[in-house]
Structure formats: structure tokens, C-alpha cells
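Take a look at the structure set out below.
Coordinate-derived values only; no laboratory data. The shown structure was predicted, so the numbers you read here are calculated from the model rather than taken from an experiment. Heads up, the Cβs are rebuilt from the backbone with ideal geometry, glycines too, and the neighbour counts pull from every protein chain shown.
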Amino acid sequence: MSAVPLTRVTCLALVTLLAGCRGEPQGDRHQLIAGTVESFSGETGELSIHNPGPRNQPEAEERVTCVITNRSEVYVNDKFARPESIGVGDQIEVLGRREADPRSERIVVTLAYVTRPSKRSPAPGGPTSAPLFSQEK
């Protein structure tokens, strides 16, 4: 296991542990939701996440509505980021609590972690690099 995933896991575990140790009502604890960003509004902070659920349980598929506030922390590939950097199609994990209004189904996000594939440079000698030796004589 590399240090990068360990950092994310440690951070999520710490927030979850702290939330669980305060003696809060059961419905007020943090929830961890993972999935793909379907929509995000930078103006309202509203975020829609699709979680397909396990392959053998299609009935577990869900769409969750969350809200990013000015107190939410957002990370993209382990770097602190602005909420506006969240994009449709991003893989995301959010840690948050249900809104206080029992009629609401939204999750108020405490921590959002976006995972994006890194852009790798081509291997030396690959099709986009210059030849190592000149063919001219």
C-alpha cells in the first residue's frame, strides 16, 4: 500500500472516529458515500452522486444528493482543491451528515475526495517522442 491511499484512509477514519465518539443521536452520524459525479452546481453547491451498488445487487443502486458548503473540504488526488474543480464523471467519496430537516434527503458534505487518473507522459521511444539517434549521414 502506498502512502497516498493511506493518507486518504487515515483522514476518513479519523473524521468518522471523531464523529462517532461524541455521543450524538444515531441519525446524526457521518455517512460515507462513493460513486460517480452526475452533476454539480458551483453556485448552489448541490452535488448529485450515482452509486451503482454491488454487481450482484442491482436493487442497491442509488442516486444521492449532497451539498458542498463553505465548511466542506475538497481534495483532488490528495491535493486541497476548490469545490469548482469537481466535474461530471469524477470518481468521488464524500463523508457527511444528513441535513437537520427530516424532510430533506441531502447530505451536507464534510469531506469530499475526488480521484482522477493522472496524465502520464509517454514512455521514451514512444510514438510521440523524437528518435534517440538521428538517421541522417
Inset, instruction - Could you tally the net charge around residue 107, taking each other residue with its Cβ under 10 Å from the Cβ of residue 107, Lys/Arg +1 and Asp/Glu -1? - result: +1
Inset, instruction - Sticking with the crude label model, points 7 Å out along Cα→Cβ, report the distance from residue 61 to residue 115 in nm, one decimal please. - result: 2.1
Legend entry - Shape call, region 31-111: gyration tensor on alpha carbons, a/c limit 1.5: oblate
Inset, instruction - Please give the net charge around residue 86, taking every other residue with its beta carbon less than 14 angstrom from that of residue 86, where Lys and Arg add +1 and Asp and Glu add -1. - result: -4
Inset, instruction - Please compute the net charge surrounding residue 38, taking Lys and Arg as +1 and Asp and Glu as -1 over other residues with Cβ under 13 Å from its Cβ. - result: -3
